[in-house]
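The values are calculated or read from the model by the stated rules, or taken from the named source; none is laboratory data. Predicted model, so just to flag it, every value in this text is computed and none were measured. Here the Cβ positions follow ideal geometry from the backbone for every residue, glycine too, while neighbour counts run over all protein chains shown.
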């Protein structure tokens, strides 16, 4: 591959660079999916899979490129790729997310993750300054620090999980063992081939354009290998953290005296009417226990608008509707990363209802020629 790239036209080299990035990203996805499924089949908890295999999956492209560059004795590209990727993640990835919506900084990250990142950066700076080289001992120290950090994260999160009464949300897809093995093999090959192609292409581009290996690593290569982090960060909004109890708020066009019914048996609504637990600002706090009752069913056109706010009480989404009933729900005791706002023109049966269908609550009857008019409007902040 190196000989082909060195002798190919410049436009072909650019295409090879793009293909290499595709191999890296897709290979990492397949490798993570296959490895996660295999780990799940061996009864490894989803929590540990998420903190190890899945969490490190987005960094596989950087790892592959830097390792391939190091093996090829292109240490300048290896180091500049890592440095450039971190700069890109901190400045561009966070910057793009902040442009799309305000990014809430988790307090736990400020106290735990940020200081550890600073310590690692300082440690790497000191090691690199001493003798201006990094050897096997330095590598062992850095890998040991990473292993210790992962061990601490797993232990800390497992402790929090035991203290919580919520069930574990299993989001690891389970695929057949042969398919998982194929994914792992194809992913590993994709990562290896993609890493080699990116390194060879980047080296050729640097020579043709008269650029240093450092500049290519800090720009082209680091941006390409950081694309998984950028895509993941954009898709992951709005700031869902599985170990964060507070998720945001519901705001309504009515601030007090709201009442609701709840589902009590086999999807049927109960007869008991309860007050909606609004706070002092007239908001319904959303946390891991809000939907322990399953569903808030607000009837009789009490409200015509629901706003979803983030934890800082900034609007994210608004729904205006004409329906006389609205259901607010999320899977109970599942710690799910979503909530549902559903305007209803009908409603489920009452418990023990034995009457006819036409006599159910909230059944609409239209005379011949009569029109049924309904509408709703969804507004997304910043859209």
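Right, residue 38: at pLDDT 70 or above and within 30 Å of residue 133 (Cα to Cα) or not? Against the criterion (at pLDDT 70 or above and within 30 Å of residue 133 (Cα to Cα)), residue 38 does not qualify. Here residue 348 passes the criteria (1) within 14 Å of residue 252 (Cα to Cα); (2) surrounded by 14 or more Cβ atoms within 10 Å (Cβ to Cβ) except the one numbered (1).
Per the conditions (1) part of a strand (DSSP E or B); (2) at negative phi; (3) modelled with pLDDT under 90, the sole criterion not satisfied by residue 242 is (1).
Within the option set 296, 291, 252, being within 28 Å of residue 351 (Cβ to Cβ), in contact with a helix residue (DSSP H, G or I) (Cβ under 9 Å, 6 or more places away or on another chain) and surrounded by 20 or more Cβ atoms within 10 Å (Cβ to Cβ) holds for one residue only, 296. Could you grab me the full set of residues in the range 283-303 that are more than 20 Å from residue 337 (Cα to Cα) and out of contact with any strand residue (DSSP E or B) (no Cβ under 7 Å at 6 or more places or on another chain)? Hits for the range 283-303 are 300, 301, 302. Note on the range 112-162: residues that are closer than 30 Å to residue 335 by Cα and out of contact with any helix residue (DSSP H, G or I) (no Cβ under 8 Å at 6 or more places or on another chain) amount to 15.
Condition test on residue 383, is it surrounded by 10 or more Cβ atoms within 10 Å (Cβ to Cβ) and either assigned to a loop (DSSP other than H, G, I, E, B) or modelled with pLDDT under 85 (or both)? No: the conditions fail for residue 383.
Of the candidates 47, 51, 30, the single residue that is farther than 22 Å from residue 139 by Cβ and at pLDDT 75 or above is 30.
Please enumerate the residues belonging to the range 117-134 that are within 21 Å of residue 148 (Cα to Cα) and either part of a loop (DSSP other than H, G, I, E, B) or touching a strand residue (DSSP E or B) at 6+ places or on another chain (Cβ under 8 Å) (or both). The one that is within 21 Å of residue 148 (Cα to Cα) and either part of a loop (DSSP other than H, G, I, E, B) or touching a strand residue (DSSP E or B) at 6+ places or on another chain (Cβ under 8 Å) (or both): 134.
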